[in-house]
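Some notes on the structure that comes next.
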Amino acid sequence: MISTQEHRSEKPRYLAILEENVRAALKVQHVILLESRKILDDLGFVEVLAPVIGPASDPGIRGAKRVTFDFYGKEYKIMSSMILYKQALVRTFNNVYAFAPNIRLEPLSKANSGSHLCEFYQIDLEMRDKTINEVMKVTEIFLDRLLYKVKLHCGDILEKYNKEFEVPKIPFPRISYYKVFLIANKLGLSMNYGDEIPSEIELELSKRSTRPFWIVDYPSGSRGFYYKENPEDTSRLLSMDLIYPHGFGEASSGGERETDVNKILELIREGGENEEEYSWYLDMLKSDGKKSSGLGIGVERLTRYIMDFKNIDNCTAFPKKPGSYTC
Ligand code: AMP
Ligand code: MG
């Protein structure tokens, strides 16, 4: 299912970006960004400029490391995700979004995964007073309209690189974490119940699927401290992933946010995090934590899925790969 038209250039990047397949992917990305803005505006979202640095950033980034630096004598971080800031921004507007840059030092073992960059962007959405189910529904509507627009405006590109591309039907099917666990066991793939789902298992399920699908009902303790426990069953989190079909793997993660500051503090301490870094976030929740739900969709991975490309480096102008030293 991977495009036979894709070519991976070994040339310096200022030459590689002149090549036809990179140009085509960047054109598709332009349409993704342009149409996302129009659709999100229509759905009642307000665009904000994402923060790039701050005292705290998302620690729940699956084995990747955050970049820290000295900020006038204090340790600061480059955003690994703007999750904490989105929770602040829904205090100002009901629905917010940003094309948010993320920096993550991914492990060297991910260098040739085809889907990992150290610098990438997310379409980050957050909705005040909304449940996880409402966000999933809005995301489906958003992706449905967006993919339709890409198909409409990039027909010539899709004809060349991804002839069989069809806008997947919504709603997307949902499977539970527990079901994933059972399937992994059946396939002889190792997975500890209660841990984050290993990428190999996600990929295997993705390869076996012809439609995007949601994974829901992650066990409590398996993900970031900012996800809320399901009040009807506290052994499960109100958190989900969206997985692309045909082996393209994870598209998005998100969920409903925890607002109980004591629960969050406990998890921050359990995770060995320095709670001082999160002081503004904890103060905000203490003063008036707003119920919200949201998710983030990786822009380069979305481009790769549409282009049917093996390599995510062809889906960004200046790829930063683990271990590489490039412009
Ligand atoms: P996460 O916060 O790890 O769930 O990431 C949110 C989304 O960003 C994922 O679902 C992917 O679409 C995208 N993403 C995460 N890590 C990377 C990476 N290293 N390179 C490219 N995209 C990524
Ligand atoms: Mg994720």
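Odds and ends about this structure:
- Restricting region 260-316 to residues that are of a type in the set (Val, Ile, Thr) and within 22 Å of the chain's Cα centre (by Cα) leaves a set whose member that is surrounded by the most Cβ atoms within 10 Å (Cβ to Cβ) is Ile306.
- The residue of region 200-238 that is nearest to ligand 1 (Cβ to nearest atom), among those that are in a strand (DSSP E or B) and closer than 18 Å to Leu285 by Cβ, is Tyr227.
- Filter result for Ile175 (away from ligand 1 (no atom under 14 Å from the Cβ), over 25 Å from Phe99 (Cβ atoms), without any contact (Cβ under 8 Å) to a residue 40 or more places away in the chain and among the β-branched types (Val, Ile, Thr)): no
- One residue stands out in region 66-75 among those that are away from ligand 2 (no atom under 16 Å from the Cβ) and not hydrophobic (A, V, I, L, M, F, W, C): the one that is nearest to Asp241 (Cα to Cα), namely Thr68.
- Of all the numbered requirements in (1) more than 16 Å from the chain's Cα centre (by Cα); (2) within 13 Å of ligand 2 (Cβ to nearest atom); (3) buried (at least 19 other Cβ atoms within 10 Å of the Cβ), Ser253 misses one, and that requirement is (1).
- Residues of region 70-82 that are assigned to a strand (DSSP E or B) and among the aromatic types (Phe, Trp, Tyr): Phe71, Tyr76.
- Selection from region 31-64 of residues that are more than 16 Å from ligand 2 (Cβ to nearest atom) and either of a type in the set (Lys, Arg) or touching a Lys or Arg at 6+ places or on another chain (Cβ under 6 Å) (or both): Glu35, Arg37, Lys38, Ile39
- Filter pass, Ser253 being within 10 Å of ligand 1 (Cβ to nearest atom) and among the polar types (S, T, N, Q): yes
The rows are residues; the columns are (1) over 29 Å from Lys160 (Cβ atoms); (2) not β-branched (Val, Ile, Thr); (3) not in a helix (DSSP H, G or I).
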residue: Gln5; (1), (2), (3): no, yes, yes
residue: Tyr14; (1), (2), (3): no, yes, no
residue: Leu40; (1), (2), (3): no, yes, no
residue: Gly60; (1), (2), (3): yes, yes, yes
residue: Leu84; (1), (2), (3): yes, yes, no
residue: Ala88; (1), (2), (3): yes, yes, no
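Computed from the coordinates by the stated procedures, all read-outs in this text should not be read as laboratory data. All of these numbers come straight from a predicted model, not from anything done at the bench. Note that each Cβ is placed from the backbone with ideal geometry, even for glycine, and that neighbours are counted across all protein chains shown.
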